[in-house]
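One structure below.
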Amino acid sequence: MATLYDVAKLAGVSPKTVSRVLNESHLVAEETRKRVWEAIRKLDYHPNVMASSLKKKRSNNIGFVVPYGSDFVFHDLNMMEQLRGVHDAVTQEGYNLLVSVPLSKKDSHQEALRLLKKRSVDGVILYPSAGIDPIIAEFDAKSLRYVTLGMYSERQETNFVEINVFPGAYLATQFLLAQGHQVIGLITRPKSFFNYPKEDLYVQGYRKALKEAGVEFRPELVREGDFTFEGGYRECLLLKRTHPEMTALICASDPMTYGAIRALESLGLQVGKDVEVVAGDNLPLTQKLFPFLSAIVNPSYEQGFQAAKMLIAIIQDGQDTPGVFLDAGFVVRGYSREE
């Protein structure tokens, strides 16, 4: 196996020069740099990443801490898309991804602190769950690097990638109104799931479209779900039983969409014919299982990808980065509702 000294000998330079080239130092002439890289290529030399990390006081690891416990995490398809985006960005930049899933939600904040305090990772991607404020304050006080998947405070201006679901909800409601639906249900996200500082943007988009169409907003048609199959099933069943006149339903997540469809089927109703359903994420699995469903397009993969890129930039540059907003979209597909 080739060593740094072998590269130096072949390139006709000192080992220190090879080290400077590997560390992208500006002190090396361009011709010398090319000669060193050619020697590296010929010898198939691979630097000792662990030793380099120790020297730079970095682990080359990025932490992804999920605050909802293992039972929830491995059933949440949207979170898997976010994680896939994080993984792709991290590996592209030569970092490793360390995923931490505490057994219960109450352990998640301490897990994030543990990873950073022990320097197991160079930075952490966090969800802005309730109670996170003191953790963020400690991170800031100790210059520990983080990015949040969403905003934890109205005052937050940096280090987040947030999805603006307003346009998706607005366009979904507009679409259903254009199809002639007047009684539209909404299973939205729970207020307690994240630490949302403002009114639910799903509800805002929904209300705006109704108002523009001259349709009264009925708060009893809006139910909080919990992003699970069971939650979608439960809330859809309640909505249809208490409001049998409901002919359309918007779900804020795909797992809740699956539950809602199952609930409608249990009542002997046909999706598309008796009740039009709009999916909440447009995940690949949903497109395969229910290719006829129109859907809010939740850019979950892109959110994870950009969050990881942002965190790596913060680690490398040593300074905070302005937050980023990604707009949810809407896609119209064929449906089986008979006129």
Check your understanding: Straight-line reach from residue 208: which aspartates and glutamates have Cα under 19 Å away, leaving out those fewer than 8 places along the same chain?
Key -> 199, 200, 216, 220, 224, 327
Exercise for review: Please give, to one decimal in nm, the separation of the simple spin-label points placed at residue 313 and residue 238, each 7 Å out from Cα toward the Cβ.
Suggested key: 4.2 nm
Revision key, fill the gap. Share (percent) of C-alpha pair distances in the range 228-290 greater than 18 Å works out to 24 percent
**Study point:** 27 Å Cα-Cα threshold exceeded, pairs from 16/309; 191/288; 16/42; 211/288; 288/309
**Key:** 16/309; 191/288; 211/288; 288/309
Check your understanding: Quick one: length gained pulling residue 220 to residue 138 fully straight, 0.36 nm per residue minus the C-alpha distance?
Key -> 25.4 nm
Check your understanding: Given a Förster distance of 51 angstrom, what is the FRET efficiency for residue 3 paired with residue 326, based on the Cβ-Cβ distance and rounded to 0.05?
Key -> 0.65
Practice item. Just grab the label-to-label distance for residue 269 and residue 38, each label 7 Å out from Cα along the Cβ direction, in nm (one decimal). Key: 7.3 nm
Practice item. Compute the convex hull volume of the Cα atoms of the range 236-329, divide it by the residue count, and report the result per residue in Å³ as a whole number. Key: 111 Å³
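Rule-based calculations on the coordinates, nothing more; no lab input. Because the structure is a prediction, the values reported are computed rather than measured. With ideal geometry, Cβ positions are generated from the backbone for all residues, glycine too; neighbour counts draw on all protein chains shown.
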